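Some notes on the structure that comes next.
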Amino acid sequence: MPNQTSQPAAPGGLWATLTEAANRPAEPLGLYAGLAERVAAPTDPELGLYRTLSQRTDLTQYRPCRAEGVDAETVYEDGQEYLVLSSAAGRYLRLSPVEAELWHAMDGSRTVAELGMLAFTRFRQLVLVADLVEGLRQAGFLSEQPVGLYRALEAHQADQGLHGWSRRILQTIRTRKLSFTGVDRVAGALHRWGGWALFSIPFLGLLALLVGMGVGFFTMLARGELHPYSLIDTGNLGPSLLALWLALLCSFLLHELAHAVAVKHFGRRVLSGGVMLYYAMPAAYVDTSDIWRAGRRPRIIVSLAGPLCDLLVGSLAAIAAALLPESMLGEAAYRLAAACYIAAICNLNPLLELDGYYMLSDWLRLPNLRSRALGFIAGPLWQKLQTRARFGREERIFTLYGSLSAIYTTLAIVLALIFWNEQLARLLSDLWLNGGLGGRILAALIMLLAVLPMFIGLLVAAWGLLVVAAGWLQRRGYGRSPLVVACTMVLLAATLALVPLRFGVTPETKMIGPLLWMVALAAQLALHADYRGAAVARALDAFLIVTMIELVAQLGFLIMPSEFLFWVSVQSFGFTLLLVAGFIALLDYDLHQATLAELLVSALLLGLAFLAGGWGIWVIQQAHPTWPFIGIVLLAMPVYASMVALALLLPLVVSLHDSRQRWSWLLLWMGMIVQAGAYLLEIRAGADSTPATLAAVVWASGLWAAAWVSHVIALRQPTPLRLHWPVQHAASEGERLQRAFQHTYAGLYRMLRSYSGARRAQALDDRMDVLGATANWELTLDRDRARIGAELAARPFDVQGLRFAEVLRYTVAEIERLAGATFAHRAIQAAYDALPWPEREAADRRCFPHTPWARELSQAFGDARAARLRLLRSIDRFALCDDDTLAALASAFEVQRLQAGTSIPVEHGLWVVEAGEVLIKQDDQILGEAQRGTCLDQAGAAYANNGTTLVYQTSINSTLLYLNASEATQLLANTSAAAGDEQQLAALVRDLERAPFFHEFPRARLRSLAIQAQRIQLEARTPVVQQGQPSGKLYVIVRGEAAVVCKEPASANSPAQTRMIARIGPPELFGEIELLRGTPPVASVVTLKTTELIALPHHAVATLLSSGDLGTRNLERIGTGRVWELKSLMNEIA
């Protein structure tokens, strides 16, 4: 192939070319189009990529600019001057004088650093300008609107699961608003037509006089001294309740109008108003948030206007009720007065989030007082008490207010329950039973308009306490502990078991057992998919069937107790299946790992099973002597089956003593014992169940539910094991790749040991030893250590990556068999996340793309089809195929998963090993082995001799790609023969493809690059690149090894010396820093042994990268990998 001389790179290096390409017009394509627009902004061509990115992401260089449509108003409060910003979206922000000056200076011409200097020089203050700018940007007061990516992701994550669902439901039932237009105009008109007088000093005096008189008259009316009025007339219950409800609605309407008129009094706008359902109760509302711009005193007055209006209307109504003669009008006035006084008391209560709370919050200058106080007493308070630290002013307020709020909430709930039990329930019962149709309608209305909102409010309060408690447990890790969950569930089961003993056998107490079985069933159904592919899955399915049968039987006892014998027979059949579950679980356990004591106890339990079965027959016969003996024997069978199942499960339960599953399986084992006893008690009691029998049934079902719930927690919650590996310097890509594999395998082993115990981990180790010896992996696996053989370590990095990927695939598959698919995927994810960044980058390039779970680990790789394309491109048989042919092959191949020992008919088509190993035999003699990426016909051609027949047989479970002969011939018709120059060009393309930088470039592009490439052979100790002298080429190592060295400058204490930075080998490249930065090399490269290189002119590579559809991942690998590593070492040298 003719050699081509290199041409000098364009001024400014690669990034100048890329900038020019990025400036070309293109249609918007979303995120990356936006990034391209940012990149296309004018930049200094002499700046490198990372310096440009550093400037673009440096907050101190950001130039904030005020947004359009932001109103700014000066507010004076307590002798201080503030600037209040308000946006069209209804957001407000208060700024101090210094911050206000900076706000006015944000015109887009000054950077954050310059704004900070401005504040220091003008006010002699160090202002946190970055925090101010970020707060303004997040609130939408700057022209550049925040993206909020992480907030959106956090909100989306918070909306998932039960917590998010419950929050959405509570948000829906808490407030449903219907806004009306023109509320601001109505309030303004009322203020102009005399409402202004209500805020004068004379009127305040009149108000005080009227309130005094009204309270006095109301007290006299309540005592019956003037008129015999009552809030609720039991003789005329319906109309009186309706009148009281209408009086409350009238009070609410006048209350909100008072707030609106007060807002207009201070020259502000009422943003909206209307009606809403507040916890299913009708109410009125007005949005007075614009008063926030008017200062603290106006805000307090606006909040106070509502309760004062209630007191005024209530006092006028009380005076009218006292002065009017006894009549329906006077009684209506009395009820309106009562409603207004009740509303005033509730609204002035600072422990409720109503007007009194907002007045207190403004008076104390503590926004969000309630949430901050409750948050303080939930956590920081106890830390301060433990350390005996001094309390500040705010902390003392938070302690007092938070404690009073918690006590008040508890008392309110208790008083509401007492009121329901002693007053309201009796009233509703009387209406429903004795009030006829009208009474029933009225009772339904009371339930809908009064009881339902109260019930929803109590439910919300209880759920809030539950969420807080759950969050407290979660933060401290208790919710992730199977022991804590198991103990909690056992305590709950024991408590529920005492209920029948306290309240007897009632329909309500009979429901406890079926409800607990439903909980167990839900937990088992949740586990069903998690153990897909596991050997123990069949045993868990048997336990699931037992739960379903027992649930049906318990529901039958509840619904049709007269069919007692039938339901007992159903229950007997279900318990007999425990024997099947025990046998299946025993098949999954290696008895060679069991100790002699475990086997002896199991044998003893098997012997006791016969005695337990005989005792069961005797108990049933004594309770029901008239039953036939054969029926009694069949009914006693569950007792025998349960004892046998206990014996069979004992080795498995003991083997999990050091795992996260130990508590769930121990509870299951104990639950089977209690179930057998409860079953005998049920038969003995017959259809007339006793409290003791029901308590035993509840206790057994509670243990069963506790076992499966704790099992779900053990599997679904993160393990306390935290994988961590130290960051170590690696001289080459090979060392990083090998450490990545060793760390990943060790992480998988340790995760399995933490979850399933040492014996299961030992089973994995034994299985991997067998696979390693059978497949000749050239490495040794000993528990969590992986020792790589010298022969494998000397192979090319891509070959090592393929081997490591194969080992990890079999490891994950074996973990799936031992612990289920869910845990296996979680284990590989944890092992991957724990890798240090350099090792993860190396594995991402050479190992993980060849695994089926690559897409789950990192979005840097495509789907299975893309992985198959990478495999086909690495096979020499397809070296002459273009991209279209490779795509057709990837689609045409059929996946064949073959068990170990399966013979392969190679003569029927084209076979490619995708995973596993195939042995090539002749007369039962092994001639060779075919690994991943091998075409079987080519591999067998090397052993064919005089037409002898070869046998191809899988040595382990393997995955192969198959293509029938006719289709393979058709697809490969144009690649069967090629000229010598074409063969050389294909070889160059293959060597380039092995380099990570060129992995994903189309072959057509690589062919055009290979035409300009030059293959070079160099002896040992030959300089390739010299520090400070431009080479103009990018080099790819095909064979051999080279050293990256740097000459350290002389200092006062030491002379100049040369230092080796790294050792590089095939298929790594060098010369990319000169290409990216457009500057002379910062280090030298010298061959250490005879080395074969491919030299690529910089201008050819730059043309390839700036062609418009460059894969960003190639640049990312260069930018985040070698460039930063070499740059850090250079800085260290400097």
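Within segment 870-955, considering only strands (runs of 3 or more DSSP E) that don't extend past its boundaries, which have at least 1 residues that are within 21 Å of T969 (Cβ to Cβ)?
Numbers: elements: 894-898, 909-915, 918-922, 925-930, 951-954.
Once the strands (runs of 3 or more DSSP E) in segment 870-955 are filtered for at least 1 residues that are within 21 Å of T969 (Cβ to Cβ), what remains is 894-898, 909-915, 951-954.
Given the structure, is I632 surrounded by fewer than 23 Cβ atoms within 10 Å (Cβ to Cβ), of a type outside the set (F, W, Y) and assigned to a helix (DSSP H, G or I)?
Yes; evaluated as a whole, the condition is true for this residue.
Scanning for something under 30 Å from R817 (Cα atoms) and in the same structural domain as T690 (by TED's automatic domain parsing), does segment 606-613 turn up at least one residue?
Scanning segment 606-613, I find at least one residue that is under 30 Å from R817 (Cα atoms) and in the same structural domain as T690 (by TED's automatic domain parsing), so the answer is yes.
Determine if segment 91-113 includes at least one residue that is under 31 Å from the mean Cα position of the chain (by Cα) and either modelled with pLDDT under 80 or surrounded by 11 or more Cβ atoms within 10 Å (Cβ to Cβ) (or both).
Yes - at least one qualifying residue is present in segment 91-113.
Do you know which residues across segment 372-404 are small (G, A, S) and modelled with pLDDT under 80? First the steps, then the outcome.
Step one: filter segment 372-404 for residues small (G, A, S), giving 373, 375, 378-379, 389, 392, 402-403.
Within segment 372-404, G375, A378, G379, A389, G392 meet the criteria.
Is it the case, given these coordinates, that V654 is within 20 Å of A676 (Cα to Cα), aliphatic (A, V, I, L, M), in a helix (DSSP H, G or I) and in the same structural domain as V484 (by TED's automatic domain parsing)? Outline the logic, then answer.
Details: within 20 Å of A676 (Cα to Cα): no; aliphatic (A, V, I, L, M): yes; in a helix (DSSP H, G or I): yes; in the same structural domain as V484 (by TED's automatic domain parsing): yes.
So V654 does not fit the description; no.
Given the condition over 49 Å from the mean Cα position of the chain (by Cα) and buried (at least 20 other Cβ atoms within 10 Å of the Cβ), answer yes or no: does some residue in segment 1039-1055 qualify?
The answer is no, given that none of the residues of segment 1039-1055 is over 49 Å from the mean Cα position of the chain (by Cα) and buried (at least 20 other Cβ atoms within 10 Å of the Cβ).
Residues being of a type in the set (A, V, I, L, M, F, W, C) and either at pLDDT below 65 or part of a loop (DSSP other than H, G, I, E, B) (or both): count how many of those fall in segment 60-84. First the steps, then the outcome.
Let us first name the residues in segment 60-84 that are of a type in the set (A, V, I, L, M, F, W, C), namely 65, 67, 70, 72, 75, 83-84.
If we keep only those that are either at pLDDT below 65 or part of a loop (DSSP other than H, G, I, E, B) (or both) too, we end up with 67, 70.
Residues in segment 60-84 being of a type in the set (A, V, I, L, M, F, W, C) and either at pLDDT below 65 or part of a loop (DSSP other than H, G, I, E, B) (or both): 2 in total.
Mind checking whether some residue in segment 327-346 is farther than 19 Å from M213 by Cα and touching a residue at least 40 places away in the same chain (Cβ under 8 Å)?
no
Working only within segment 352-376, note down all residues that are assigned to a helix (DSSP H, G or I) and surrounded by fewer than 18 Cβ atoms within 10 Å (Cβ to Cβ).
Selection gives W363, L364, S371, R372, G375.
Check R167, R174, R151, R185 and return the single one that is modelled with pLDDT under 60, more than 27 Å from I342 (Cα to Cα), out of contact with any Gly (no Cβ under 7 Å at 6 or more places or on another chain) and not aliphatic (A, V, I, L, M).
Testing whether each residue is modelled with pLDDT under 60, more than 27 Å from I342 (Cα to Cα), out of contact with any Gly (no Cβ under 7 Å at 6 or more places or on another chain) and not aliphatic (A, V, I, L, M) leaves just R167.
Condition check: among the basic types (K, R), within 43 Å of the chain's Cα centre (by Cα) and at pLDDT 85 or above. Does R538 satisfy that?
Yes, satisfied.
Taking the stated definitions as given, is L324 in the same structural domain as V211 (by TED's automatic domain parsing), under 22 Å from L198 (Cβ atoms), surrounded by 14 or more Cβ atoms within 10 Å (Cβ to Cβ) and not aromatic (F, W, Y)?
For L324, the condition - in the same structural domain as V211 (by TED's automatic domain parsing), under 22 Å from L198 (Cβ atoms), surrounded by 14 or more Cβ atoms within 10 Å (Cβ to Cβ) and not aromatic (F, W, Y) - is not met.
Out of L516, L565, report the one residue that is at negative phi, in contact with a Gly (Cβ under 9 Å, 6 or more places away or on another chain) and either outside any helix (DSSP H, G or I) or at pLDDT below 90 (or both).
Residue meeting the stated conditions: L565.
Scan segment 1053-1089 for residues that are assigned to a strand (DSSP E or B) and aliphatic (A, V, I, L, M) and report the count. Quick ask: steps written out before the conclusion?
Here is the first cut: in segment 1053-1089, the residues assigned to a strand (DSSP E or B) are 1057-1064, 1069-1070, 1084-1087.
Subsequent filtering for residues that are aliphatic (A, V, I, L, M) retains 1060-1062, 1064, 1069, 1085-1086.
Of the residues in that region, 7 qualify.
If you check P1097 against the conditions, is it farther than 20 Å from P796 by Cβ, buried (at least 20 other Cβ atoms within 10 Å of the Cβ) and at pLDDT 80 or above?
yes
In this structure, does L611 turn out to be free of Cβ contacts under 8 Å to residues at least 40 places away in the same chain, within 34 Å of the chain's Cα centre (by Cα) and assigned to a helix (DSSP H, G or I)?
no
Do we find that L579 is modelled with pLDDT of 85 or more and either closer than 19 Å to M672 by Cα or within 38 Å of the chain's Cα centre (by Cα) (or both) in this structure?
Criteria not met by L579.
Is it the case that some residue within segment 733-755 is more than 35 Å from the chain's Cα centre (by Cα) and either without any contact (Cβ under 8 Å) to a residue 12 or more places away in the chain or not in a helix (DSSP H, G or I) (or both)?
If we filter segment 733-755 for residues that are more than 35 Å from the chain's Cα centre (by Cα), which is where we start, we get none.
No, segment 733-755 contains no residue that is more than 35 Å from the chain's Cα centre (by Cα) and either without any contact (Cβ under 8 Å) to a residue 12 or more places away in the chain or not in a helix (DSSP H, G or I) (or both).
I'd like to verify a number: residues in segment 457-505 that are hydroxyl-bearing (S, T, Y) and at pLDDT 80 or above, how many?
2
Quick check on A258: is it more than 30 Å from H227 (Cβ to Cβ) and surrounded by 22 or more Cβ atoms within 10 Å (Cβ to Cβ)?
So A258 fails the test.
Return yes or no: is L577 touching a helix residue (DSSP H, G or I) at 6+ places or on another chain (Cβ under 6 Å) and of a type in the set (A, V, I, L, M, F, W, C)? Walk me through how you get there before you give the answer.
Details: touching a helix residue (DSSP H, G or I) at 6+ places or on another chain (Cβ under 6 Å): yes; of a type in the set (A, V, I, L, M, F, W, C): yes.
Here the answer is yes, as L577 does meet what is asked.
The values are calculated or read from the model by the stated rules, or taken from the named source; none is laboratory data. Note that this is a predicted model, so its numbers are computed, not measured. When we count neighbours, we look across all protein chains shown, and the Cβ atoms used for this are built from the backbone with ideal geometry, even at glycine.
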